[in-house]
Structure formats: structure tokens, C-alpha cells
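The values are calculated or read from the model by the stated rules, or taken from the named source; none is laboratory data. As the structure is a prediction and not an experimental result, all values here were calculated from the model. Cβ placement follows ideal geometry from the backbone for every residue including glycine, while neighbour counts extend to all protein chains displayed.
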């Protein structure tokens, strides 16, 4: 492992109130010093990062790595390589694998594969129910002991409110986090786009905003009833934002995330039956998009997560109603989120907080800060670097994104995990990879 000194970057660490020029010295895999004019020890690699942002490694609370079971879409190695390319040093892997992560054996398998790959830290999210079938709770205690970081049936809601209540009570006793996939299936089943003008125009069955709002209200109410910690995934509607805002005002132990596509696109992205823009929850209206942005600016929404959901052409190049839901997002999250800074809706410190500091705190993992003694999980971004989204420029094994062919601005140019260089576009200090 090479010791290195990041010289003259803009250090952005909202956890410690830092935003300004400085240096970071990394030795033996940890941050040794943060300051100005730090001398370079003998044998230390000096990396000039003038004009770049130096941040804690980003933390993604919501990814799908597809392994075990669907390695033709993504593997833990390829997914974490994409994470590193996006500046993410830690990701929370959802349990809808084949088989689902509902056992200690699957949790340990995921952790072992992640250690072998070495590209980013993986924190497995285990299933709330066995087989994600919504009938019987998984063994929470065994899963936590094996290394599970939280619990969710993501990809499906827990339909039974009584079982969801028991899950929250069980989690409260273990101080574990429940991540809610908030969807009322009686309203959403068979739908493939937002219900409204676009669904009517295309002749497709829609998913109404109420399918999300009702489920968010239910799970928030159950969290208040039980006193448990609840995190609401992939918020997409104006109503859900308002429900969460009011719950927080009452002191509920609730946090929430949205994804870059919900503040970057609207339902119009599916015009032409573009399956690359098909997801669940679906892209909503401009009114919803603005409400999501407002939720990020006022703190109602705590986290920007990618909901990285790789699919091959086998699942996407089919008739729209048959196409799989989801898009990849690890490599486009930073530039899409940076657009909110350019638009004056967020300041840079807010962006780092949403993408790194707060998700680490919610998940209860190390990271999200740049303190001496911390593990050197660090990202360096060039906010002015253009990035053309093409299959050749992506590290993910799948390329299902509506941003293909788009040039975005801002990219990770150096990513360190435990002081090791796992992504490098600077052409200095370690292997430089294309793209």
C-alpha cells in the first residue's frame, strides 16, 4: 500500500465543518493529517489535486449487485468497480438476489465476494421476510451477526401491515434499521408508468401517486407506533415528501432517500416507449420533481441514493409492459446531483452530506468524514470534467440508463478505499484505467 499526500484540493467535509483548500496525508490506509502545507514524508506519493473536490468517499444506501443468481446483469466485482468510478467507497446491497439474502450464508457469501473484489465496501441488506415472500420474518439476529447492515424486502413491499409492525418491533429491540419499499400493490400491480397524461397518451396502465403515498403513510404510522427506525426508499411523489416532512415534525424516527432520476427526469422520458426510463416507482410529473428537490433542500429527504438496478438487453429490449424496472446509477449520480448545485438549489456541502455523511450515519457504518485516524475512504472529483455516458465509458456490466448518449459534467477522478487506489483518472499514482 502506497502512502500518499493529496495536495491543494478543496477539502469538503461537512461532518467537521471543512470547506476550503488544504492537504490530506494518507499513511498505512488511514488519514494521518488534514491541514495546510503538510510536508510529504519520504517515499510518499504526491498527488496534486488543485481545482478538484476532496470528499469522504460517497456512500450509497441502495444498490442491486445481482450476485448471487443474476451475474449476467452485474457481479459484485463489476458493480463495486462501477461504484469506485462514481466516487462511492461503500454501498448497501439490496436482498433481491437469487436466492434472496435471507440467511447468514448468503450474507457471508456477499461479504466474501466483496472482499475478494476490493473495489468498495459492501454492506448487505438482508430480507425482512424469508424468501421476500411476505409471510414469515427472517432471522434478524443471525443475519446481523453474519454482517447484515439493515433489513428490507426491496423490490417488493411487505403487504401485511401486521407483519410489518412485528418486523419493526423486532428491529427496534435490536436497534436495526428497516428500509421500506413503499408501494400499495392493489393500486400498482400491472402498471408500468406514472398514471396520468403520459400513460393515457401511450395507452399504458399507470401507477397512481396514491400507491406510494398510502404505503409511506402506513409505514411511517407503524414506525411511530413501534418507536422503530424506518428509512423510506426511492421517494418519488410530492405527497410522500409531505407525509415524511410532517412525521419528522412530530419526532418520528424516520429518514428517507430519493434517487437522481427523480429530480432529473419526469414521466416524459418514457415517450417513444423508451424502456431505459422504466422503473418502479415510475418517473412522475414536473410538480413531483420540484417537490423532490424541495425535500432535499429543506432536509425532509436525507439521502441521495442511486437505486442502481442493472439489467441486460434481454430484460430491456422488449415490449414496454414486459420490460424490467430499473436503471443503473452509480456512475451518473454525482454529475446529476451536481446539477442541483449549479442550479443554486443545493450548496456543495449539502451535496456531500446527502451523498456521504448522512447515509453513513443512517446505516451506522464508518465513513462520511475526513478525520485523522479514520480509514482513508476518500473521493476526488473534478466538477468541470465532462463525462459522455456511453457503454464504453461505463464500468457496470449493464448499460440500462436513459442518460446514454448524454454528456454530463463532473466525475470522480480518484477513489481510495482504505488508502488503496481503486479508481484513477489522473494519470499519476497507480494504474490509470480507461475510461
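Here is how the numbers come out for the structure above:
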quantity: Candidates 215, 223, 182 - the one that is in the same structural domain as residue 129 (by TED's automatic domain parsing), in contact with a strand residue (DSSP E or B) (Cβ under 8 Å, 6 or more places away or on another chain) and in a loop (DSSP other than H, G, I, E, B); calculated: 182
quantity: The range 138-152, residues that are touching a helix residue (DSSP H, G or I) at 6+ places or on another chain (Cβ under 6 Å) and over 22 Å from residue 361 (Cβ atoms); calculated: 138, 142, 146
quantity: Enumeration of residues in the range 9-27 that are outside any strand (DSSP E or B) and either closer than 19 Å to residue 45 by Cα or in contact (Cβ under 8 Å) with a residue 24 or more places away in the chain (or both); calculated: 14, 15, 16
quantity: Qualifying helices (runs of 4 or more DSSP H) (wholly inside the range 283-369; at least 2 residues being out of contact with any strand residue (DSSP E or B) (no Cβ under 7 Å at 6 or more places or on another chain) and either touching a residue at least 12 places away in the same chain (Cβ under 8 Å) or surrounded by fewer than 23 Cβ atoms within 10 Å (Cβ to Cβ) (or both)); calculated: 286-297, 313-316, 333-342, 348-352
quantity: Yes/no for residue 176 being buried (at least 22 other Cβ atoms within 10 Å of the Cβ) and under 23 Å from residue 220 (Cβ atoms); calculated: yes
quantity: Unmet criterion (only one of (1) touching a strand residue (DSSP E or B) at 6+ places or on another chain (Cβ under 9 Å); (2) closer than 19 Å to residue 119 by Cα) for residue 394; calculated: (1)
quantity: Some residue of the range 136-153 being in a strand (DSSP E or B), touching a residue at least 12 places away in the same chain (Cβ under 8 Å) and under 22 Å from the mean Cα position of the chain (by Cα); calculated: yes
quantity: Filter pass, residue 265 being free of Cβ contacts under 8 Å to residues at least 12 places away in the same chain, more than 24 Å from residue 360 (Cβ to Cβ) and assigned by TED's automatic domain parsing to the domain that holds residue 207; calculated: no
quantity: Hey, residue 247 assigned to a helix (DSSP H, G or I), surrounded by 17 or more Cβ atoms within 10 Å (Cβ to Cβ) and in contact (Cβ under 8 Å) with a residue 40 or more places away in the chain or not; calculated: no
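Quick grid of which residues meet (1) in contact with a helix residue (DSSP H, G or I) (Cβ under 6 Å, 6 or more places away or on another chain); (2) over 26 Å from residue 369 (Cα atoms); (3) assigned by TED's automatic domain parsing to the domain that holds residue 259; (4) modelled with pLDDT of 95 or more:
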residue: 68; (1), (2), (3), (4): no, yes, yes, yes
residue: 76; (1), (2), (3), (4): yes, no, yes, yes
residue: 81; (1), (2), (3), (4): no, no, yes, yes
residue: 108; (1), (2), (3), (4): yes, yes, yes, yes
residue: 114; (1), (2), (3), (4): yes, no, yes, yes
residue: 122; (1), (2), (3), (4): yes, no, yes, yes
residue: 130; (1), (2), (3), (4): no, yes, yes, yes
residue: 134; (1), (2), (3), (4): no, yes, yes, yes
residue: 154; (1), (2), (3), (4): no, yes, yes, yes
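This table checks each residue for (1) under 17 Å from the mean Cα position of the chain (by Cα); (2) farther than 25 Å from residue 289 by Cβ.
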residue: 342; (1), (2): no, no
residue: 353; (1), (2): yes, no
residue: 364; (1), (2): yes, yes
residue: 382; (1), (2): no, yes
residue: 388; (1), (2): no, no
residue: 402; (1), (2): no, no
residue: 407; (1), (2): no, no
residue: 425; (1), (2): no, yes
